[in-house]
1. Check whether at least one residue in the range 52-62 is at pLDDT 80 or above, over 15 Å from the mean Cα position of the chain (by Cα), assigned to a helix (DSSP H, G or I) and loosely packed, with under 12 Cβ neighbours inside 10 Å, and report yes or no.
2. So, in the range 11-51, exactly how many residues are hydroxyl-bearing (Ser, Thr, Tyr) and either in contact with a Phe, Trp or Tyr (Cβ under 8 Å, 6 or more places away or on another chain) or modelled with pLDDT of 90 or more (or both)?
3. Taking the condition of being surrounded by 11 or more Cβ atoms within 10 Å (Cβ to Cβ) and outside any strand (DSSP E or B), how many residues in the range 9-51 meet it?
Amino acid sequence: MGVKLDVGSSRFPVVTWVDADKRGEVINLIFGTRLEGQGDALRIALRSSQWENLKFLVDGPAGS
């Protein structure tokens, strides 16, 4: 089973856990959910520059 995202839809199953792992220059964000009673996950691969931009959006500028 896989998580299917419909184009134009903003609905996503409830996220029950979040994780991340780094493999070389790629950071994988993993969002866990349950679909029809079974665990499933959506993985999003980010390059290091994208990860730094995401961290900036979450944390704000350094020293703030």
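The values are calculated or read from the model by the stated rules, or taken from the named source; none is laboratory data. Keep in mind that what you see is a predicted model, and the values were worked out from it rather than measured. FYI the Cβ positions are ideal-geometry reconstructions off the backbone, even for glycines, and counts take in every protein chain you see.
1. Initially, the range 52-62 is screened for residues at pLDDT 80 or above, giving 52-60.
Filter again for over 15 Å from the mean Cα position of the chain (by Cα), leaving 56, 59-60.
From what is left, the residues that are assigned to a helix (DSSP H, G or I) are 56, 59.
Among the residues that remain, those that are also loosely packed, with under 12 Cβ neighbours inside 10 Å are: 56, 59.
The answer is yes, given that some residue of the range 52-62 is at pLDDT 80 or above, over 15 Å from the mean Cα position of the chain (by Cα), assigned to a helix (DSSP H, G or I) and loosely packed, with under 12 Cβ neighbours inside 10 Å.
2. Residues in the range 11-51 being hydroxyl-bearing (Ser, Thr, Tyr) and either in contact with a Phe, Trp or Tyr (Cβ under 8 Å, 6 or more places away or on another chain) or modelled with pLDDT of 90 or more (or both): 2 in total.
3. Qualifying residue count for the region: 5.
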